[in-house]
Amino acid sequence: MSAAAEFELRNLRVRNGTKEILRGVDLTLQRGETHALMGPNGSGKSTLANVIMGHPDYEVTGGDILFRGRSLLGLAPEERARLGVFLAFQYPVAVPGVSVARFLKAAVEAVRGKSTGGAGGFLKGVREQMKFLEITEAFLDRGLNEGFSGGEKKRLEILQMLLLKPALGVLDETDSGLDIDALRIVAEGVNRLRGPDLTLLVITHYERLLKLIEPDHLHVLMNGRIVFSGGPEAVKKLEEHGYDWIREQVGAEAG
Amino acid sequence: MAHELPGDSKLLQDYRFGFVTDIAAEAFPKGLNEVVVRLISAKKGEPGWMTDWRLAAYRHWLTLREPHWARADYPPIDYQASYYYSAPRQRPGKPGEMDPELAKTFEKLGVPLHERGGLAGFAVDAVFDSVSVSTTQRERLKKQGIIFCSMSEAIREHGDLVRQYLGSVVPPTDNFFAALNSAVFTDGSFCYIPRGVRCPIELSTYFRINALRTGQFERTLIIAEPESFVSYIEGCTAPARDENQLHAAIVELVALEGARIKYSTVQNWFAGDAEGKGGIYNFVTKRGHCRGARSHISWTQVEVGAAITWKYPSVILEGADSVGEFYSVAFTHDRMQADTGTKMIHLGPRTRSTIVSKGISAGRSANTYRGLVKILPAATGARNHTRCDSMLIGSQCSANTFPVIESRNATAITEHEATTSRISEEQLFYLRSRGLDEEAATALIVHGFCKEVLKELPMEFAVEAVKLLELKLEHSVG
């Protein structure tokens, strides 16, 4: 290939303590593509998401993570964020006393590497996106994720993504814990950003999200390895038949 | 992780208030005895009653022992090795005639002493070593009957008021350091708000220790007549020196019926170097007396400096329905030791108090909250709410909480909440994934942790306090 892929995992091996969780993952995303990553509980999906962002608890024992041909290994999470990598967390943590407004401004300034100017102008842009995500105004003054419902947390993750405009977005089970209306709003938020400049990796347990955010490719992770890759038509097959047919295909190895 | 590292010696270089002013000073001989006490009194042209008051305090002090019940380790202090009086030789008359070196010093410290061009919303009393060198905005205040001047001047010019109130909240016999201060205090601020007057600007005192081996013993007295209001701000810094210096101050607040006093402090004394060498011993007695019904005293402190802090700003709630508040952030790093908290003494019916304490320890520091809520038999329907939170940064620091509640009235309601936490990896990772580096992420978490206290500070002051806290954190993390 002439040009480097937008994002690539090469034979990625990851350990948490003594336990090997990812056992050689290969994945290539071209610029502007949306890939779905599915798999049963415990297959390593969330580990993958966290490792892409540089979580300190995980040790990369082999392989590489390449963003635009550059290795992310050895870069701190904040450096990855500034390059344009974004992770929408499955369980966003609360930071009591830090208002959402203050946090958003700090995050946008940190990622862009420059001041957003006065709070007034900045918040105007934020409010517009909030309206789209059906988030009420009062949200801005609340403590970050402090006492938020599951749905509120996920909406805030997507709000951040809309404001930070990443080049690579990783959604870690953004659909979990959402009712059908919240799911629709969140998906519309993501779709708002989709286009040739956004490469997306959508990690999910359920097909329902993939009906709203349609992927170009689908991969199944089992036991720390990609055991199946296919086109969007595979979504329907997974919905109807679950993972058993894949387990049969890959045999005992996927266990 | 990187934040396991002990404190950073860079902090020493970056304590930007650590410079020394080269100024001719007049100092008394080293050591403490009756002659020195008399000399101080004579130097200030005090009346006989004041000299006698000092001597009585000195004699009482001789009978006391230095207290060591606080969680702070330090060798016994040699009181004969210190100087008890040091003043810039050229005493200024008006701010316009101030010694240029002194003016420059306060300019460097960011303290506006110009009548014009300074901050319009502030009046400042500047105390340099043992004397007050400038008090601004006095004429403006005088029009409303407000007296704001140095303690020395108050003793000379407003003797009746001083005599009536001095020592009425913190008597000279109160404790070892109070007795010492009463004997040798050299200056401080005096403030009197007449009945029904709402002081239109923030009053503030800025304390600067400059001279070597000199103790600073200042004394502040604020009297709020019925239905008056005043917001008072105190700031302090000192040069970075290898030797410890003693700062033993007293602050007395008197709030009469319906009066309200809001007292805010940002304490940034030199804290010593990374190994704990040098720094100020900050041994301070601060107490307010809600003497009248519906009176209200609130203490807000942001303690980020001093090698050792021993300080318990308290409120005696005597007037019915009076209110006492204590909001505190204490940040310790490197080898700093802080033992701080409050006492709320409920005497009157339906008196209410609120305590919010946020302790943050980093490096190898020790941070202790010590509090007493005492409800006496007459305090029917009294209420207290206490919240003490401690945050640990790294694994070599310590946090302790000693909250004591003594209730002798069954109708009183007291509530106590306490937490101890570490900055979690998950919080850091979350914020870092949004582009904030470890220092900025830690600062944001700590800022959130302290928010309840910081919002009590006057606006402009809060901005400064947050900047200072962030600067200190930056050097204690990563």
Sorting B:Cys450, B:Cys149 on the 10 Å Cβ count, fewest up front, what's the list? B:Cys149, B:Cys450
How would B:Glu257, B:Glu139 line up from fewest to most surrounding beta-carbon atoms within 10 angstrom? B:Glu139, B:Glu257
Per the Kirkwood treatment, what hydrodynamic radius in Å, one decimal, follows for the stretch B:276-433 from the mean inverse distance over all distinct Cα pairs? 16.3 Å
Quick one: order A:Val186, B:Val463, A:Val108 by neighbouring beta-carbon count within 10 Å, fewest to most. B:Val463, A:Val108, A:Val186
Build a GNM of chain A with springs between Cα atoms under 10 Å: which of A:Leu73, A:Leu209, A:Leu159 gets the top mean-square fluctuation? A:Leu73
Report the FRET efficiency, 1/(1 + (r/R0)^6), for B:Arg408 and B:Thr354, where r is their Cβ-Cβ distance and R0 is 25 Å, rounded to 0.05. 0.75
Between the stretch B:259-278 and the stretch A:90-137, how far is it from one alpha carbon centroid to the other, in angstrom? 34 Å
Extension gain from A:Arg192 to A:Gln30, taking 0.36 nm per residue of separation minus the Cα-Cα distance: 56.4 nm
Size of the stretch B:385-478 as Cα extents on the principal axes (Å, biggest first): 53, 34, 22
Dividing the alpha-carbon radius of gyration of the stretch B:21-421 by 2.2 N^0.38 Å, where N counts its residues, gives 0.95
Quantify how strongly other chains surround peptide A:156-169 by giving the mean number of their Cβ atoms within 10 Å of each of its Cβ atoms. 0
Modelled label reach - B:Tyr74, point 7 Å along Cα→Cβ, the stretch B:269-290 residues with backbone N closer than 18 Å: B:269-286
The base-10 log of I(q)/I(0) that the Debye equation returns for the stretch B:341-439 at q = 0.16, 0.17, 0.21, 0.22 Å⁻¹, one scatterer per C-alpha, is -0.72, -0.76, -0.96, -1.01
Computed on alpha carbon atoms, what radius of gyration and Dmax characterise chain A, expressed in Å? 18.2, 60
Taking only the alpha carbons of the stretch B:247-292, what extent do you get along each of the three principal axes, in Å, biggest first? 49, 16, 9
Rg to Rh for the protein assembly as shown: what is it, with Cα atoms only and Rh by Kirkwood? 1.08
At 0.692 mPa s and 37 °C, Stokes D of the stretch A:149-255 from Kirkwood alpha-carbon radius, µm² per second: 220 µm²/s
By the Kirkwood definition, with r running over pairs of different Cα atoms, the stretch B:181-279 has a hydrodynamic radius in Å of 14.9 Å
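Values quoted throughout were computed directly from the atomic coordinates according to the rules given, and no laboratory measurement underlies them. Keep in mind that this is a model prediction, so the values were computed, not measured. A quick note on method: Cβ atoms are made from the backbone with ideal geometry, for glycine too, and the neighbour counts reach across all protein chains shown.
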